[in-house]
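In what follows, a single structure is set out as structure tokens and then discussed.
The values are calculated or read from the model by the stated rules, or taken from the named source; none is laboratory data. From a predicted model like this one, the values you see are computed outputs, not experimental measurements. Glycine also receives a Cβ, built like all others from the backbone with ideal geometry; neighbour counts cover every protein chain displayed. Heavy atoms of the whole protein, side chains included, go into the accessibility calculation; ligands, DNA and RNA do not. Shrake-Rupley method; radii C 1.70, N 1.55, O 1.52, S 1.80 Å.
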Amino acid sequence: MTGVRASVVKQCGWRRHAALFILGILAVFAAHEAGARPTVGLVLSGGGARGGAHVGVIRVLEDLNVPVDYIAGTSMGAVVGGLYAAGLTADELEEVVRTSDWNLLLSDRPPRSQRSFRRKSDDLSFLVDFDLGVDSTGLLLPGGLVQGQNMDLALRRLTLPVMAIEDFDQLPIPFRSVATDIGNGEMVVFDSGDLVTAMHASMAVPGVFKPERVDGRLLVDGGISSNLPIEIMRDMGADIIIAVDLGFPLQPQEKLGSALAITSQMLTILINSRAQDQLRFLEEDDIHIAPDLGALGSQEFDRLAEAMEIGRRDAARHAQALARLSIPDEAYRAYREDISRRRGAPPVVDDVRVVNDSGLSPKAIEARLQPFTGKPLQLDALERNIADIYALDTFESVTYDVRQEDGLNTLEIKSTARQWGPNYIRFGINLEDDFQGGSNYNVAARLTMTEINPLGGEFRTELQIGESPRLFGELFQPLDYRSRWFINPKLELRRTSEGIFDDGIQLAQLSSSQGSVSLEGGRQLGHWGEFRVGLLRLRSDQSLLIGEPGLEGEEGNLGAWLAQLAYDTIDQVDIPLHGTLAAVAWNGSRRNIGSDGDFDVGSLFLLKPMTWGRNTLLHWWNLDATLRDDTAGIQPFTLGGPFSLSGYAIGELRGKHRGIGRLLYYRRLGHDPVSGLDNQFYVGFSLEAGNAWESREAITLSNTLTAGSLFVVLDTLVGPFYLGYGIGEDDRRSAFLYLGQTF
């Protein structure tokens, strides 16, 4: 096996302990006679966020001039140990702890503002932003909640100077990391290969991080097999071992009320038990440091700095024992200078190679890479390119490595397809109730088939049932490897119902059936925008559901040219906090392409949140105008319902022109210890002004209506959940409940 060796932890008899003890004494005696210092091995246990304590211990070691000759670590101990072995100092490790955005590092998807425009469009519906894989066997799930993309990039940035080193004995400090083969339970020790992969595998907590595949093995967190790898350090040859044992606290009986809690407790007992077995390998001169981290949880990465301080404090209590290992200032400076020299500088790139494991053409990857050869690796530019590739949202990971081949440095970009792709399904639900007998619901599913050709073509179909049944299909086909130019034919069948009102009283309800086909195409403008044009043919048929026969609807045909320019940098569509979402569109209906009349419709949409602290003020505007509005058969615009003149019934206001402006204020509430909600609960109000007008002459301030609402909103896994009360003119009042996309 290249890069790893497998070991099974076994109990050692008293004879081996005695032999090791005698050999240790002889080695120390021989070193003393020769005037050499004993070598020091640092063992760092796993512990998740508790691993911040390791950095505090390393700080004390550097303050006391204690050199470290070998490092072995598990899980978070492998991450901290791997970085220290790569040549980082205690100051640099502390900077990592204090400045890293751990919420970002422990996630995969790039911020929405950095995703491709095509992927942003996926959010503009009420479907849940979570893709399940699907194939002939059924639904497929990813190997972990986190694939490790952002963590991988961060670790590679920190270890860049030693990236080309594959023999871990040639690192500035020789290093070993421990993982577990989930197939047979064996302990796997990394002594060579890719350093970041070794760290990843060691911390791949099952169910949280995806397993790492290395040389045919499926590797997960090393804490399962050896959370405190003291025996491995003995094999490395250290004379004196400093073992930092973080342990895991057991939960009290009253907190073991669920199967998940009991399973977690069982795993904690197993890990702690194996760590205790390893402690038997410590000898009299070795040092065991067990920071008192109390109940600090392994997932509380916002408390890493606190764990670091606890580690520093507890290591300082061992200062007398550690001082025996210190060396004079001059010798320690020489030791650190040697580590810095071995760490080296960023490599000069001689060649670039793309390794692509997906249905996309490698040229789609290469088209997003700038030239890197002939100069030191430009990390900022490379990470931007990788973010651009990953933003296609079709890869499990996009990573890089620098390999030495025949004395030359090859930058290798590796893109790995999702194991649960390339076909995905999303589900969603939309509910609405005005507490006055008016309610509706829709349930939908979307199937997206990606990578149908090397250019990254996609086929998508959506099925919606409920108040507004809908069947939709489209092909999105890029025309170049950068997915800038595209064509986008669409087909849609839908049925909607709408009320006819007079002074707030519903007179009738119409059902409208529509069938449309369009051919669109255009250009994506980076990640921020898109311009498209197209041709639309639509057939509609209205029928009366409730009301007087004289109010029956009509049949109609629409043939129109389409054009739209869209801009999207919004951070999230559910409850926006930053960015801008805007669009300007024109539809030109013409008889010569099958329309019942000639007219033009212009539309403007703007969504602009402004956030300070926990407060957000949202500007939200819709403007729609019809030229030649005397033409018969124009489909009217509607207003009414939550945030569209709250207090009025949905669709109560109708006209050939529409204008509405809204100001929404909402405040994010803090952590609630009772409910466990953390920054997902908001309270707010809206101010709204607008109307729908039948003619341009009717558009005046005097007949512009005002409304407003008070609301609370909870951002849930299935979308934002609103509960509010709206008030409009003419004593319009309405409570509302809404689940699903609002904007």
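For region 505-637, the residue among S595, V533, S512 whose Cα projects farthest onto the positive side of the dipole built from Cβ charges is V533. About its Cα centre, region 213-252 has a charge dipole of approximately 180 debye under the convention of +1 per Lys or Arg Cβ and -1 per Asp or Glu Cβ, with nothing else charged.
Karplus-derived 3J(HN,Hα) values for region 597-605, using 6.51 cos²θ - 1.76 cosθ + 1.60 with θ = phi - 60°, are x, 9, 7, 10, 10, x, 9, 9, 10 Hz; glycine and proline are entered as x. On C-alpha positions alone, give me the angle between the axis of helix 76-85 and the longest principal axis of the chain, in degrees, nearest 10. It works out to around 60 degrees. For K255, the accessible area of its heavy atoms, probed at 1.4 Å with every protein chain present, is near 130 square angstrom.
Given a cut-off of 30 Å, name the pairs among K210/K375; K210/K363; K375/K414; K363/K608; K414/K490; K120/K255 whose C-alpha atoms lie farther apart than that in the structure shown. Mind dumping the intermediate values first?
Numbers: K210/K375 34 Å; K210/K363 27 Å; K375/K414 20 Å; K363/K608 37 Å; K414/K490 34 Å; K120/K255 41 Å.
Checking Cα-Cα distances, K210/K375; K363/K608; K414/K490; K120/K255 exceed 30 Å.
For the chain, the per residue solvent-accessible surface stands at 45 Å², with DNA, RNA and ligands left out and a 1.4 Å probe.
Please state the charge dipole magnitude for the chain, taken about the Cα centre, from unit charges on C-beta atoms (+1 on K and R, -1 on D and E), reported in debye and rounded to the nearest 20.
On the way: 69 positive and 98 negative charges, 124 e Å.
Dipole of the chain, to the nearest 20 debye: 600 debye.
Helix 304-316 against the longest principal axis of the chain: what's the angle in degrees, Cα atoms only, rounded to the nearest 10? Rounded to the nearest ten degrees, it is 10. Placing pseudo-labels 7 Å out from each Cα toward the beta carbon at N703 and K255 gives an inter-label distance of 6.5 nm.
Of all DSSP beta bridges confined to the chain, the antiparallel ones make up roughly 90%.
Values (i) 37.7; (ii) 35.1; (iii) 31.3 are given for comparison; mean projected area of the Cα convex hull in nm², derived from the coordinates here, is the one labelled (i). Each of A316, S326, S340 was placed along the dipole of region 310-361 (beta-carbon charges, centred on the mean Cα), and the one lying farthest toward the positive end is A316. Place a point 7 Å from Cα of L139 in the direction of its Cβ. Which residues in region 424-467 have their backbone N less than 20 Å from it? Counting backbone N atoms under 20 Å from the label point, the list is 424-431, 442-450, 461-466.
Return one number: the angle in degrees, 0 to 90 and rounded to the nearest 10, between the long axis of the Cα atoms of helix 379-390 and the longest principal axis of the Cα atoms of the chain. The angle comes out near 50 degrees. The heavy atoms of E166 offer some 90 square angstrom of accessible surface to a 1.4 angstrom probe. Approximating the spin labels as points 7 Å out from Cα along Cα→Cβ, the V352-to-S100 distance works out to 2.8 nm. Taking the accessible area of the chain, probe 1.4 Å, and keeping the other protein chains in place, the carbon and sulfur fraction comes to 56%. When the Cα positions of M163, P211, L88 are compared along the charge dipole of region 88-219, P211 comes out farthest toward the positive end, with charges on each C-beta of Lys, Arg, Asp and Glu.
Extending 7 Å from the Cα toward the beta-carbon at both L519 and D215 defines two label points whose distance is 5.7 nm. Here the extension length gained between A583 and L379 equals 70.0 nm, from 0.36 nm per residue of separation less the Cα-Cα distance.
At a Förster distance of 56 Å, what's the computed FRET efficiency of V443 paired with E92, Cβ-Cβ distance as r, to 0.05?
Values: r = 52 Å, r/R0 = 0.93.
The pair V443/E92 has a calculated efficiency of 0.60.
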